[in-house]
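Peer 1: This structure is in structure tokens; I'll ask about it shortly.
The values are calculated or read from the model by the stated rules, or taken from the named source; none is laboratory data. All figures in this text were calculated on a predicted structure; none of them were measured in a lab. Glycine also receives a Cβ, built like all others from the backbone with ideal geometry; neighbour counts cover every protein chain displayed. Note: areas computed on protein heavy atoms with side chains; ligands, DNA, RNA excluded. Shrake-Rupley method; radii C 1.70, N 1.55, O 1.52, S 1.80 Å.
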Amino acid sequence: MLTAEGLNRTYRLPRRSLFGAPGQRYAVRDVSLALAPGERLGVVGESGSGKSTLLRLLLALDRPDSGAVTFRGRAVHPTGDLRWFRREVQMVPQDPYGSLDPRMRIGDSVREPLECLRVPGDHRARVAELLAAVGLDADAAGRYPHEFSGGQRQRVAIARALGPEPAVLLADEPFSALDVAVRVQVTALVQDLVDRLGLALVLVSHDIGVVQQLCDRLLVLKDGVAVESGATADVLRAPSHPYTRALLDAVPRLPEV
Ligand SMILES: Nc1ncnc2c1ncn2[C@@H]1O[C@H](COP(=O)(O)OP(=O)(O)OP(=O)(O)O)[C@@H](O)[C@H]1O
Ligand SMILES: [Mg+2]
């Protein structure tokens with residue numbers, strides 16, 4: 001459904017001397033992937049390994065130097081009218097404090113993408129339905145972001161993302177700004193929604209436990225290169241790449257249940 005073919009994205013390095021050629025660093029190097037409907041892919045790797053860059057390319061927020069993203073066989077270019085694509089592929093932001101306009105009522109924030117993307121139907125009713133789906137009271141619609149906690153704001157951000165009835169959610173560390181107890185609740189909410197709505201998910205996370213809980217496949221990035229991919233259970237049980245082993249050793253593991 002959502003595919004990436006040979007994505008490359010480089011950034012220029014500062015010149016080392018006046019006469020030297022500017023260097024290049026690959027943030028993402030020859031990464032390909034294919035996401036089937038309903039499939040959940042976890043993207044892991046240490047800081048600077050290219051996870052966010054890959055997600056921005058998949059979201060058409062950034063243009064690859066080479067390679068292509070397609071959705072249901074149709075090429076996705078960062079320029080041009082992407083409304084069709086935005087209705088299908090939505091993002092859950094990382095920072096619930098930065099992602100909502102502080103001057104906008106919650107209901108208007110949730111309604112905004114419905115209007116921008118010209119989603120048909122009764123938007124007022126849809127907003128109420130979305131707020132209920134993420135576990136917020138109906139009166140939340142008339143209130144402002146500052147009246148809400150981080151976890152509640154992340155619920156609003158999820159409601160916004162679900163509004164256009166996307167087929168895919170992309171999320172870059174959506175739980176990292178939340179404290180542990182809230183993180184557990186919001187993770188459970190996302191799992192429940194993704195299950196019920198049959199959504200595909202690409203989840204960037206440092207938290208192997210969350211990835212293990214939510215994702216059926218794993219992609220491991222190192223220095224922009226996909227060094228390992230496979231079924232989550234297989235990769236975690238028998239990581240074939242030394243780097244993946246190191247990554248697993250570096251995090252506290254969930255106890256076996
Ligand atoms: N706008 C930019 N200009 C220059 N270099 C960049 C830019 N954005 C990213 N990079 C570089 O690209 C590489 C990949 O960055 P990216 O943000 O994708 O990593 P990440 O895996 O998301 O890291 P983190 O876990 O810290 O969020 C890094 O070396 C980074 O310094
Ligand atoms: Mg990142």
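Peer 1: Any residue in segment 179-196 that is of a type outside the set (Phe, Trp, Tyr), touching a residue at least 40 places away in the same chain (Cβ under 8 Å) and in a loop (DSSP other than H, G, I, E, B)?
Peer 2: Keep residues of segment 179-196 that are of a type outside the set (Phe, Trp, Tyr), which gives 179-196.
Those left that are additionally touching a residue at least 40 places away in the same chain (Cβ under 8 Å): 189-190, 193-194.
Narrowing further to those that are in a loop (DSSP other than H, G, I, E, B): none.
Among the residues of segment 179-196, not one is of a type outside the set (Phe, Trp, Tyr), touching a residue at least 40 places away in the same chain (Cβ under 8 Å) and in a loop (DSSP other than H, G, I, E, B), which makes the answer no.
Peer 1: Next question, about the same structure. I'm checking my understanding of the structure. Among residues of segment 194-208 that are open to solvent by less than 10 Å² (accessible area, probe 1.4 Å) and within 30 Å of Arg124 (Cβ to Cβ), which one is nearest to the chain's Cα centre (by Cα)?
Peer 2: Leu201
Peer 1: Wholly within segment 10-82, which strands (runs of 3 or more DSSP E) include no fewer than the required count, namely at least 3 residues that are of a type in the set (Gly, Ala, Ser)? Talk me through it step by step, then tell me what you get.
Peer 2: On the way: elements: 24-35, 40-44, 66-71.
Qualifying strands (runs of 3 or more DSSP E): 24-35, 66-71.
Peer 1: Please find, within segment 89-141, the residue that is modelled with the lowest pLDDT out of those that are under 25 Å from Arg72 (Cβ atoms) and assigned to a loop (DSSP other than H, G, I, E, B).
Peer 2: Pro93
Peer 1: I would also like to ask the following. With Ser49, Ser66 as the choices, which residue is hydroxyl-bearing (Ser, Thr, Tyr) and away from ligand 2 (no atom under 16 Å from the Cβ)? Break it down into steps so the answer makes sense when it comes.
Peer 2: On the way: Ser49 fails: away from ligand 2 (no atom under 16 Å from the Cβ).
Testing whether each residue is hydroxyl-bearing (Ser, Thr, Tyr) and away from ligand 2 (no atom under 16 Å from the Cβ) leaves just Ser66.
Peer 1: Output the qualifying pairs, or none if there are none: Cβ atoms under 8 angstrom, residues six or more apart or on different chains, first residue in segment 146-171 and hydroxyl-bearing (Ser, Thr, Tyr), second residue part of a helix (DSSP H, G or I) and open to solvent by 10 Å² or more (accessible area, probe 1.4 Å).
Peer 2: Pairs that qualify, where the first residue is hydroxyl-bearing (Ser, Thr, Tyr) and the partner is part of a helix (DSSP H, G or I) and open to solvent by 10 Å² or more (accessible area, probe 1.4 Å), are Ser149/Val182.
Peer 1: Could you tell me which of the residues Ala157, Ala75 is within 21 Å of the chain's Cα centre (by Cα), under 26 Å from Leu54 (Cβ atoms) and open to solvent by less than 10 Å² (accessible area, probe 1.4 Å)?
Peer 2: Values: Ala75 fails: open to solvent by less than 10 Å² (accessible area, probe 1.4 Å).
Sole residue among the options that is within 21 Å of the chain's Cα centre (by Cα), under 26 Å from Leu54 (Cβ atoms) and open to solvent by less than 10 Å² (accessible area, probe 1.4 Å): Ala157.
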